[in-house]
Amino acid sequence: MVPMRNTRVLFVCVGNSCRSQIAEGYGRIWGNGVMDVESAGTFATGTVSPVVIDIMKEDNIDISGQRSKQLTREMVGRADLVIALGGIPETLYPDLLTDKLLTWPIPDPIGQSIAINRDIRDMIKSRVTDLIIDLSNDLAQG
């Protein structure tokens, strides 16, 4: 029997400062054993939002060690699934994204209130939870 491997998931947003960092945090902690995650930005800011770090701590997830990374062709190439949380990465690497791009229309929380940041965090949390369930079912079905 061939052992199944985790699905390699790449979460992408524009700055890799908020949305994709939230998704990476939930995916890394809750999706352990189902998916291997990383995140990137189409125009990475180089920093993770302090507000996002704080609101993730409210959910007992520490993303303070994560860093903002620029999306590369290599990242897209090694991913099994690329999830765009806003932004349009398919314009960057259309040849690599043919069958692995999923778009989640999540608003950008930059410059928004803490309440809106929490709402966006909760939207992403729900989507990542559903993704983990789907990938777990896929693994169970072999």
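Some points to look at:
- Look at (1) assigned to a helix (DSSP H, G or I); (2) surrounded by fewer than 21 Cβ atoms within 10 Å (Cβ to Cβ); (3) touching a strand residue (DSSP E or B) at 6+ places or on another chain (Cβ under 6 Å) and you find that Gly77 fails only one, number (3).
- Of all residues in region 98-142, those satisfying the criterion of being over 16 Å from the mean Cα position of the chain (by Cα), hydrophobic (A, V, I, L, M, F, W, C) and at pLDDT below 95 are Ile110, Leu139, Ala140.
- Flag for Arg67 being out of contact with any strand residue (DSSP E or B) (no Cβ under 9 Å at 6 or more places or on another chain) and of a type in the set (Lys, Arg): yes
- Test result for Val52, surrounded by 20 or more Cβ atoms within 10 Å (Cβ to Cβ) and either within 12 Å of Val12 (Cα to Cα) or without any contact (Cβ under 8 Å) to a residue 60 or more places away in the chain (or both): no
- Selection status of Asn32, surrounded by fewer than 22 Cβ atoms within 10 Å (Cβ to Cβ) and not in a helix (DSSP H, G or I): yes
- Of all residues in region 35-74 being part of a strand (DSSP E or B) and charged (D, E, K, R), the one that is farthest from Asn137 (Cα to Cα): Glu38
- Test for Pro109: is it in a loop (DSSP other than H, G, I, E, B), out of contact with any strand residue (DSSP E or B) (no Cβ under 7 Å at 6 or more places or on another chain) and touching a residue at least 40 places away in the same chain (Cβ under 8 Å): yes
- For the residues Ile120, Ile63, the requirement of being without any contact (Cβ under 8 Å) to a residue 60 or more places away in the chain, out of contact with any Ser or Thr (no Cβ under 6 Å at 6 or more places or on another chain) and surrounded by 20 or more Cβ atoms within 10 Å (Cβ to Cβ) singles out Ile63.
- Boolean, Arg78 is basic (Lys, Arg) and over 13 Å from Cys18 (Cα atoms): yes
- Any pair with Cβ under 8 angstrom, 6 or more apart, that starts in region 14-43 at a residue that is in contact (Cβ under 8 Å) with a residue 12 or more places away in the chain and ends at one that is aromatic (Phe, Trp, Tyr) and part of a loop (DSSP other than H, G, I, E, B): Val14/Phe43; Gly15/Phe43
The values are calculated or read from the model by the stated rules, or taken from the named source; none is laboratory data. Bear in mind the structure is a predicted one, so any value in this text is a computation, not a measurement. Virtual Cβ from ideal backbone geometry, glycine too; neighbours counted across all protein chains shown.
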